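One structure is given below, encoded as structure tokens.
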Amino acid sequence: MTNPYLKTENCVDRLYKQWQKHPRLIVAVDFDSTLYPLDASEKHIDYSDTINVLKRAQKHKFFIVIYSCSNTE
């Protein structure tokens, strides 16, 4: 049996239903290599789609949690 939430439409449907029940959903996202390049090899990657999704979520009053676990010594 495959995971039904691997299908985009199922994920969107579930998120919408949860949003109807809990209008202040929490979105947690890693900073490094998701919103900003971790190192120089990722400078060519465009993170604007991810940032735009977070901006849309923020407009809907979602809580946005940005975290990082990188060790950049």
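The values are calculated or read from the model by the stated rules, or taken from the named source; none is laboratory data. Worth saying up front: this structure is predicted, and the values here are computed from it rather than measured. Don't worry about glycine lacking a Cβ; one is built from the backbone with ideal geometry, like all the others, and counts go over all protein chains shown. These accessible areas exclude ligands, DNA and RNA; they are computed on the full protein's heavy atoms, side chains included. Shrake-Rupley method; radii C 1.70, N 1.55, O 1.52, S 1.80 Å.
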### Query
Using alpha carbons only, how many degrees (0 to 90, rounded to 10) separate the axis of helix 48-59 from the longest principal axis of the chain?
50 degrees
## Note on the structure
GNM on the chain, Cα springs under 10 Å; top mean-square fluctuation among LEU15, LEU54, LEU25 goes to LEU15
### Message
Run lengths n ≥ 4 of DSSP H only: what is the helix-derived mean residue ellipticity at 222 nm for the chain, with -39500 (n - 2.57) per run over all residues, to the nearest 500?
### Response
-11500 deg cm²/dmol
### Electrostatic dipole magnitude of the chain [Cβ: Lys, Arg +1; Asp, Glu -1; Cα centre; debye, to 20]
720 debye
### Query
How much area per residue is accessible in the chain when the probe is 1.4 Å and only protein heavy atoms are counted (Å²)?
87 Å²
### Summary
Answer check: the chain, Cα atoms, Kirkwood Rh, Rg/Rh ratio of 1.05
### segment 10-19 - phi-based ³J(HN,Hα) in whole Hz, Karplus 6.51/-1.76/1.60, Gly and Pro as x
5, 5, 5, 4, 5, 4, 4, 5, 5, 5
### Task
Select from segment 17-73 those trypsin sites (Lys or Arg not before Pro) which occupy a DSSP coil region and have at most 11 other Cβ atoms within 10 Å, ordered by residue number.
ARG24, LYS43, LYS61
### Query
What list of ³J(HN,Hα) couplings, whole Hz, do you get for segment 33-44 from phi and the Karplus terms 6.51, -1.76, 1.60, once you set θ to phi - 60° and write x for glycine and proline?
6, 10, 10, 8, x, 6, 9, 4, 5, 9, 4, 7
